Amino acid sequence: MKLANTSAIVTGGASGLGEATARHFAAHGARVTLLDRDAARGRTVAAEIGGHFAETDVTEEGSVQDAIDLAVKNMGGISVCVNCAGIALGIKTLGRDGAHPLDAFQRTIDINLVGSFNVARLASAAMAKNEPENDGARGVIINTASIAAFDGQKGQAAYAASKGGIVGMTLPMARDLASLGIRVMTIAPGIFMTPMLAGLPEDVQKQLAADVPNPARLGDPEEFGRLAGFIVEMGYLNGEVIRLDGALRMR
């Protein structure tokens, strides 16, 4: 599958890893539709890359189905789905203010894990209608986990659980969709220079970068986009999680 011949949807495409992925794909000839709740920023990015935008709540079935229908209408189909939408909350299981609010835990799971599955399952239904390529390929789904799935830190119980769930569903989802020619992969990024980290003080950024063995810096979202593009074109990659973290292991 060549990136230039694909029609991709990217959740969380208005910023961070999703935006970088959308820009990389579009720069290499792919047709792209951004799915995001930030309509203003989403439309701006879509216009800049010559793509499309659909205001979407990944936790709502109807919202995602409408977005997929729009993407199919505008692009003629969907062959790639990249799930980057997500949130990260820092709350301890038991802190000074009491026990971890249950609604905050549920919201994290709903957006990061349930949202990714919701988009993936509906995107796979659209992909299943594609004419197969010579090797039987009809589509690729790329989900975003995190190294927190393996090395969760204090205050990351909800986030780590949500990302661990994404890791856990990678292989069974790949097996579920294998007969349809749809591959499923997961990227587990380390510490990347996303808008959230960009707002931290410079000394904090430097400390985070110093913890990365090699190269000793924060990840560039463009690197995430390039890896996603590589996965699309490397047809023998399936059912696996790739850490993109400079060999960082959180202690």
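The values are calculated or read from the model by the stated rules, or taken from the named source; none is laboratory data. Values in this document were obtained by computation on a predicted structure and should not be read as measured data. Backbone-built Cβ (ideal geometry, glycine too); neighbour counts: all protein chains shown.
Listed values, structure above:
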read-out	value
Unique match (being hydrophobic (A, V, I, L, M, F, W, C), in a strand (DSSP E or B) and touching a residue at least 24 places away in the same chain (Cβ under 8 Å)) among ILE87, ILE91, ILE142, ILE111	ILE142
The lone exception for ALA67 - which of (1) more than 26 Å from GLY152 (Cα to Cα); (2) over 17 Å from the mean Cα position of the chain (by Cα); (3) among the hydrophobic types (A, V, I, L, M, F, W, C) it fails	(2)
Matching residues in segment 145-170 - criterion: being surrounded by fewer than 19 Cβ atoms within 10 Å (Cβ to Cβ) and not in a helix (DSSP H, G or I)	GLY152, GLN153, LYS154, GLY155
Residue within segment 144-165 that is in contact with a strand residue (DSSP E or B) (Cβ under 9 Å, 6 or more places away or on another chain) and over 30 Å from PRO101 (Cα atoms) present	no
GLY98 vs. criteria within 23 Å of ILE187 (Cβ to Cβ) and exposed (fewer than 13 other Cβ atoms within 10 Å of the Cβ)	no
Long-range neighbours under 8 Å by Cβ, at least six apart or interchain, first residue farther than 14 Å from ASN74 by Cβ within segment 16-43, second β-branched (Val, Ile, Thr) and at pLDDT below 95	GLY16/THR194; LEU17/THR194
Helices (runs of 4 or more DSSP H) contained entirely in segment 182-241, each with at least 1 residues that are at pLDDT 95 or above and surrounded by 16 or more Cβ atoms within 10 Å (Cβ to Cβ)	221-233
Residue check for VAL58: more than 26 Å from LYS2 (Cβ to Cβ) and either modelled with pLDDT of 95 or more or in a helix (DSSP H, G or I) (or both)	yes
Criterion violated by ILE87 - all others in (1) at pLDDT below 95; (2) over 27 Å from LEU177 (Cβ atoms) satisfied	(2)
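Table: residues versus (1) among the aliphatic types (A, V, I, L, M); (2) in contact (Cβ under 8 Å) with a residue 40 or more places away in the chain; (3) out of contact with any strand residue (DSSP E or B) (no Cβ under 9 Å at 6 or more places or on another chain).
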{"residue": "LYS206", "(1), (2), (3)": "no, no, yes"}
{"residue": "VAL212", "(1), (2), (3)": "yes, no, no"}
{"residue": "PRO221", "(1), (2), (3)": "no, yes, no"}
{"residue": "PHE224", "(1), (2), (3)": "no, yes, no"}
{"residue": "LEU227", "(1), (2), (3)": "yes, yes, no"}
{"residue": "ILE231", "(1), (2), (3)": "yes, yes, no"}
{"residue": "ASN238", "(1), (2), (3)": "no, yes, no"}
